[in-house]
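Enquirer: The following block contains the structure, expressed as structure tokens.
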Amino acid sequence: MSVDLDSWQGQHNKQQPEQQGQILRLQAESRRLIGALLRPHKRGLWLVLGLLLLQNAAVLAGPWLIQLGIDNAIPDLAAGSSTYLFTLSVVFFIVVVGEALATRSFLVRSAAIGQDALRELRQRIFIHVQKLDLGYLQKTSSGQVISRMTNDVKSISNLVQDGLDELVIAGLNVVSIAVIMAVLDWRLALLTALSYPALFFLARWFSGASSRAWRAARDRYALLVVHFVESVRGVRAVQAFRREERNAEIMTALNKRHRRANARTQEVSAIFVPGVQLIGALATFGVFVAGGWLFTNNAIELGTLTAFLLYLRRFFDPVEQVSAFYDTLKSATTALEKIAALLAVTPVVREPASPVALGAVTGAQASTSTLDELEREHRAVAGAGALRFDDVTFGYRDGTTVLGPLNLNIPAGQTVAIVGPTGAGKTTLARLIARFADPTTGVVSLGGVNLREVADAELRRAVTLVTQESIMFAGTVADNIGFARPDASRQDIIEAAHAVGADDMLAALSDGYDTDVGARGARLSAGQRQLIAFARAYLADPAVLILDEATASLDIPTERRVQAGLGNLLAERTTLIIAHRLSTVQIADRVLVIHDGHIVEDGPPAELAQGDGPYAALHAGWLATTH
């Protein structure tokens, strides 16, 4: 069964065809990135350049020494003197040893600089991706982002390890040999120059064709990664809907596309290499015939002709070698362009240039700490957990407004439940408070400070979000609870679990708090993962806690156990509960009913339940399902 890849959902994550202007911008970004990576190694690069010139001079001295041997040492030896030959042999030995030492030093130094640059590149990608706003990461396939850090960095690493030194040496050899041949014999050099235009146009065609072929090949490979990553992450849905065969068909089609694209890169090389060999053979034949005629007419020495032919062979050899490494070069160049494009993405939510401090952040632990009474009173008055929305709207670039205009005050320490139909704007409200996005208009403030003016690190300490999907990281139960506070002691972690009612359940695991949670928490139940998430949030001790459908995916018995741990978690902090099930709403001081981005009801849950508004209808429906 054939697959129409144009209709496959992964195509929507495919990068659009790059226009010439965009390619030029990417190339400029790539050059700036290379400059930034190599700038700290200026002194080392000068040393590497010196070693390269020394090594190149030693290599190119070979044919010249052979010329001296033929034209001078052999006649001197025939005359009964071996002085010239001995001297030449000593010089040749020194040159060979010098070449070996220079080559070794060049390879070691250049490799060290290359690996340092790669380390810095990986670090930049990792830090930059963590700073990107959720909107970008949600609309960009995770497979593509992963490919930048893995496959693209690997392509650059392959060039640094296996081909960069050869490419640099080959380029230097071509230029140096062209100059030496002109000095040796201008007539033969002029004859050789007749091959340069053909070589130039062939190389120019190869550069363009190879670039296009490699760019297409990497795009095809990125789609392979996208499909593989999504199939593995969604394996439960794949198996539940019996999509294995269909996904395999898509992978087969993607594989064929990738194979064709890769084959095209080899086809381009298969034209370039024989072309260079043909041009080189014709040039060598011409020089051999012309040089032979000059020699028979005593217009050139045999040693000079021999050296010229050796240099000519060495002139075309690097050009052929470049083609062998050119695939690696173009793969790395294309990869660098894609990485540069990722690093050029500017986060929509930006760190303030001159951040304003929130002041003392209050939380449950503040009241039980060693703070004196005066300091606790100051924190309470400061109201660091107070939230305010002033004429806030939020919309997308297409002009669609999904929230507001909204005016809302939430006092510090209040627990507010937010209910409403899917798509009403509940999660958008939470995103604005956590500053995963900025409002289109208006101001969201915390503790009287505009969130746009708060440093990211301080805001992350002040606001904690617990979602429906409890994210677990590789490691133990203790590691995952302590994720919120790297300096937390073992006792702090256990106390946090106890505070949310999770200690008995977690201690009963095979290795207790040292139990490995498995990939994404696969070895834990949904309830265990959620309780760990609550313990993590308690340990973070934020001024504002957001529970975004935190119990929506749990069964009723598990939800009741989780809710039992909410009391300490919600104590003495501002809490927003985005709820689908009204069982969670009952612990709230206040309920906001949102519809089409607007607050249509606001009040205590018991009072609203007795009215005749939207919440009363929701509450009646919930009661009907629980009795």
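The values are calculated or read from the model by the stated rules, or taken from the named source; none is laboratory data. Predicted model, so just to flag it, every value in this text is computed and none were measured. Using ideal geometry, Cβ is built from the backbone for each residue, glycine included, and neighbour counts are taken over all protein chains shown.
Residue by residue, here is whether (1) in a helix (DSSP H, G or I); (2) polar (S, T, N, Q) holds:
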| residue | (1), (2) |
| --- | --- |
| Gly303 | yes, no |
| Tyr311 | yes, no |
| Thr334 | yes, yes |
| Lys338 | yes, no |
| Arg350 | no, no |
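Enquirer: Is it true that Phe126 is buried (at least 16 other Cβ atoms within 10 Å of the Cβ), in contact with a helix residue (DSSP H, G or I) (Cβ under 8 Å, 6 or more places away or on another chain), hydrophobic (A, V, I, L, M, F, W, C) and without any contact (Cβ under 8 Å) to a residue 40 or more places away in the chain? Walk me through it before giving the result.
Expert: On the way: buried (at least 16 other Cβ atoms within 10 Å of the Cβ): no; in contact with a helix residue (DSSP H, G or I) (Cβ under 8 Å, 6 or more places away or on another chain): yes; hydrophobic (A, V, I, L, M, F, W, C): yes; without any contact (Cβ under 8 Å) to a residue 40 or more places away in the chain: yes.
In short, no.
Enquirer: So which of Asp516, Asp602, Asp548, Asp589 is modelled with pLDDT under 90 and of a type in the set (Asp, Glu)? Break it down stepwise before answering.
Expert: Numbers: Asp516 fails: modelled with pLDDT under 90; Asp602 fails: modelled with pLDDT under 90; Asp589 fails: modelled with pLDDT under 90.
Result of the check over Asp516, Asp602, Asp548, Asp589: Asp548.
One line per residue, one yes/no per condition, for (1) assigned to a helix (DSSP H, G or I); (2) at pLDDT 90 or above; (3) among the hydrophobic types (A, V, I, L, M, F, W, C):
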{"position": "Arg259", "(1), (2), (3)": "yes, yes, no"}
{"position": "Gln266", "(1), (2), (3)": "yes, no, no"}
{"position": "Ala270", "(1), (2), (3)": "yes, no, yes"}
{"position": "Val273", "(1), (2), (3)": "yes, no, yes"}
{"position": "Gln277", "(1), (2), (3)": "yes, no, no"}
{"position": "Leu282", "(1), (2), (3)": "yes, yes, yes"}
{"position": "Gly286", "(1), (2), (3)": "yes, yes, no"}
{"position": "Val289", "(1), (2), (3)": "yes, yes, yes"}
{"position": "Leu294", "(1), (2), (3)": "yes, yes, yes"}
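Enquirer: So, one more: Report, by residue number, each residue of segment 146-182 that is over 30 Å from Glu320 (Cβ atoms) and crowded, with 19+ Cβ neighbours inside 10 Å.
Expert: We begin by selecting, within segment 146-182, every residue over 30 Å from Glu320 (Cβ atoms); these are 146-150.
Within segment 146-182, Ser147, Arg148 meet the criteria.
Enquirer: Can I ask one more? For Phe92, state whether it is at pLDDT 85 or above and either surrounded by fewer than 16 Cβ atoms within 10 Å (Cβ to Cβ) or under 30 Å from Tyr221 (Cβ atoms) (or both). Please lay out each step first, then the result.
Expert: Numbers: at pLDDT 85 or above: yes; either surrounded by fewer than 16 Cβ atoms within 10 Å (Cβ to Cβ) or under 30 Å from Tyr221 (Cβ atoms) (or both): no.
So Phe92 does not fit the description; no.
Enquirer: Can you tell me which of (1) more than 30 Å from Phe325 (Cα to Cα); (2) charged (D, E, K, R); (3) in a helix (DSSP H, G or I); (4) at pLDDT 80 or above is the one Arg242 doesn't meet?
Expert: (3)
Enquirer: From the list Asn450, Asn480, Asn407, pick out the single residue that is assigned by TED's automatic domain parsing to the domain that holds Pro605, closer than 21 Å to Val593 by Cβ, out of contact with any His (no Cβ under 7 Å at 6 or more places or on another chain) and not acidic (Asp, Glu). Write out each step before concluding.
Expert: Working: Asn450 fails: closer than 21 Å to Val593 by Cβ; Asn480 fails: closer than 21 Å to Val593 by Cβ.
Only one candidate qualifies: Asn407.
Enquirer: If you go through segment 111-130 one residue at a time, do you hit one that is modelled with pLDDT of 85 or more, closer than 30 Å to Val183 by Cα, outside any loop (DSSP other than H, G, I, E, B) and in contact with a Ser or Thr (Cβ under 8 Å, 6 or more places away or on another chain)?
Expert: no
Enquirer: Taking segment 136-188, which residues are without any contact (Cβ under 8 Å) to a residue 12 or more places away in the chain and aliphatic (A, V, I, L, M)?
Expert: Within segment 136-188, Leu137, Val175, Val179, Ala182, Val183 qualify.
Enquirer: Still on this structure, I have one more. Of all residues in segment 62-84 being over 60 Å from the mean Cα position of the chain (by Cα) and small (Gly, Ala, Ser), which is surrounded by the fewest Cβ atoms within 10 Å (Cβ to Cβ)?
Expert: So, considering only residues that are over 60 Å from the mean Cα position of the chain (by Cα) and small (Gly, Ala, Ser), the one surrounded by the fewest Cβ atoms within 10 Å (Cβ to Cβ) is Gly80.
Enquirer: Could you pull out the residue among Thr103, Thr150, Thr87, Thr140 that is β-branched (Val, Ile, Thr), modelled with pLDDT of 80 or more, in the same structural domain as Gly50 (by TED's automatic domain parsing) and closer than 30 Å to Val349 by Cα? Reasoning before the result, please.
Expert: Working: Thr103 fails: closer than 30 Å to Val349 by Cα; Thr87 fails: closer than 30 Å to Val349 by Cα; Thr140 fails: modelled with pLDDT of 80 or more.
Sole residue among the options that is β-branched (Val, Ile, Thr), modelled with pLDDT of 80 or more, in the same structural domain as Gly50 (by TED's automatic domain parsing) and closer than 30 Å to Val349 by Cα: Thr150.
Listed here are the residues, each with its yes/no results for (1) among the β-branched types (Val, Ile, Thr); (2) surrounded by 16 or more Cβ atoms within 10 Å (Cβ to Cβ).
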site	(1), (2)
Asp398	no, no
Leu403	no, yes
Leu408	no, yes
Thr415	yes, yes
Ile418	yes, yes
Pro421	no, no
Leu429	no, yes
Ala434	no, yes
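Enquirer: List the residue pairs whose Cβ atoms are under 6 Å apart, where the first residue sits in segment 581-597 and is surrounded by fewer than 20 Cβ atoms within 10 Å (Cβ to Cβ) and among the basic types (Lys, Arg), the second is modelled with pLDDT of 80 or more and part of a strand (DSSP E or B), and the two are 6 or more positions apart or on different chains.
Expert: Within 6 Å, the pairs are Arg590/Val416.
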